[in-house]
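The values are calculated or read from the model by the stated rules, or taken from the named source; none is laboratory data. What you are looking at is a predicted structure, and each value in this text was computed from that prediction instead of being measured. As a convention, Cβ positions derive from the backbone with ideal geometry for all residues, glycine included, and neighbour counts pool all protein chains shown.
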Amino acid sequence: MEARPAVDDAALGREAMAVLDANWTGTATVPAPGLYPHQWSWDSAFVSIGLARHRPDRAQAELAALLSGQWATGMVPHIVFRTPEAYFPGPAVWCSHDHPAAPASVLTSGLTTPPLHALAVWWLWRHTGDAAVVRRLYPALAAQHAYLATARDLGGSGLAAIVHPWESGMDDSPAWDAALAALPEIGYGHRGPRLAERRLDSDQDRYVWLALRYRDAGYRAGYLRDEHPFAVEDPLFNGVWLASCEALAELAPVAGADAAPHAEQAARIRSALVERLWDGCFYPRDLRSGRLVRVCTVGAFGPMLDPGLPAAQLRGLLEVLESARFMGATGYPVPSCEIRAAQFDRTRYWRGPSWVNTNWLLRRAAAVHSLDHLGRQLSAGTLRLVRQAGFRECFDPFDGSGRGCRDFSWSAALTLDLLA
Ligand code: 2M8
């Protein structure tokens, strides 16, 4: 494993800020130079969380820039294209410029991502007390949530469905294997520049095929409900949404709006999570097969972000998290897939490695449940990863070595937060 000279907290913080400065385009922060040269949606939410205490001006600009890509439907796209740099699938695949609901001023993708943004605005407000930010961004956040509650409640249960693995934020997670395998064989040969460890070519073809089908159907909600072959209720996506609904309920009065609809939405998500996705652990539900996808990934812990999570589920999740299936067996927190699963692979992105963003979400969950020991373990383990291997995209959960790209924005931003 690569050796880095020992750095104290102040030096680590300066290094993190230097990465964020280098990745700042003047309008937004790209996740990493080269591999991800545009603005990614939940990456920006994490960046703004990390900057909230240090550069609140930039944290606000980051979120405002992202929300300038919001569609008239309320959908917040997973990519806002910021530079002429090549990325596949780029603007020519999504064709947002041809869609009447897409913004005219900026090119975007047509998919969304875990809706962390209201929580990020709440975080900024909590650390700055700046009500003007809340008033400025609240309408876009409320529209985003309304979109999820209508166009994405494909199961009619109160949960939002993702319609593409990219919408989960955990694109090559084993949670999507069965749904992808059920798609027809596709031999596009669409190849973007990708690291070999990232994903299989056959998966990349299916990802592109799914995106094109949705695009060719005009990004219509009716098509998603009736025809689209990939529709999954995911515990991480919905756990994040629930936390954001709770954040919006607190922000609404600051913006002169009613808190009640957001609190009601949170309650709906809470009961649907337990009724539909719980079976000793939270599993995604594949709406096309009607079945739970019984592989336990780090996404299972998303509902822990909810302070109102019932005690039985909280106890059950803690048991799984601290067991040899997750934190009990690895040297570093928290593998993205349980290590006893046949699909676990310590070298491949969301199939095993540890990620700073999911560690941060779990640390936030520990804070909302006053689990101080767990919170300290998650902070210390995550800081050990970046101290040893740098601000890498992800890390081997056993030996802590870095994987994926370097100078990765959310690893740097959330380090700033963990150091605070
Ligand atoms: C990864 O996803 C992109 C597609 O959006 C990719 O694989 O090219 C994921 O880790 C996702 O969570 C993240 O937002 C994105 C940019 O960091 O990279």
Number of positions in segment 321-338 that are surrounded by fewer than 19 Cβ atoms within 10 Å (Cβ to Cβ) and not hydroxyl-bearing (Ser, Thr, Tyr): 5
Inspect all residues belonging to segment 46-66 and state whether any of them is surrounded by fewer than 18 Cβ atoms within 10 Å (Cβ to Cβ), over 24 Å from Tyr147 (Cα atoms), of a type outside the set (A, V, I, L, M) and within 14 Å of the ligand (Cβ to nearest atom). no
Looking only at segment 274-308, how many residues end up being in contact with a Leu (Cβ under 9 Å, 6 or more places away or on another chain), free of Cβ contacts under 8 Å to residues at least 40 places away in the same chain, surrounded by 13 or more Cβ atoms within 10 Å (Cβ to Cβ) and assigned to a loop (DSSP other than H, G, I, E, B)? 1
Kindly check whether there is at least one residue in segment 38-61 that is at pLDDT below 95 and touching an Asp or Glu at 6+ places or on another chain (Cβ under 8 Å). no
If I filter segment 321-361 down to residues being more than 16 Å from the ligand (Cβ to nearest atom) and in a helix (DSSP H, G or I), which single residue comes out as farthest from the chain's Cα centre (by Cα)? Glu322
Can you find even one residue in segment 19-28 that is modelled with pLDDT of 95 or more, in a loop (DSSP other than H, G, I, E, B), within 14 Å of the ligand (Cβ to nearest atom) and out of contact with any Leu (no Cβ under 6 Å at 6 or more places or on another chain)? yes
Checked pairs for segment 391-402, first touching a residue at least 24 places away in the same chain (Cβ under 8 Å), second of a type in the set (Val, Ile, Thr), C-beta under 6 Å and 6 or more apart or across chains, list as Phe391/Val19; Pro397/Thr330; Phe398/Thr330
Go through segment 375-408 and report how many residues are of a type outside the set (Lys, Arg) and over 13 Å from Val334 (Cα atoms). 12
Among the residues in segment 381-403, are any within 20 Å of Val240 (Cβ to Cβ) and touching a Cys at 6+ places or on another chain (Cβ under 7 Å)? yes
Are there any pairs with C-beta distances below 7 angstrom linking a residue in segment 229-249 that is free of Cβ contacts under 8 Å to residues at least 60 places away in the same chain and surrounded by fewer than 24 Cβ atoms within 10 Å (Cβ to Cβ) to a residue that is of a type outside the set (A, V, I, L, M) and part of a helix (DSSP H, G or I), with the two at least 6 apart or on different chains, and if so which? Ala249/His262
Does Trp71 satisfy the criteria of being crowded, with 24+ Cβ neighbours inside 10 Å and aromatic (Phe, Trp, Tyr)? no
Of the residues in segment 77-123, how many are modelled with pLDDT under 95, outside any helix (DSSP H, G or I), surrounded by 15 or more Cβ atoms within 10 Å (Cβ to Cβ) and away from the ligand (no atom under 14 Å from the Cβ)? 1
Checked segment 142-176 for anything part of a helix (DSSP H, G or I) and among the β-branched types (Val, Ile, Thr); matches are Thr150
So, Asp216, is that one in contact with a strand residue (DSSP E or B) (Cβ under 8 Å, 6 or more places away or on another chain) and on the phi < 0 side of the Ramachandran plot or not? no
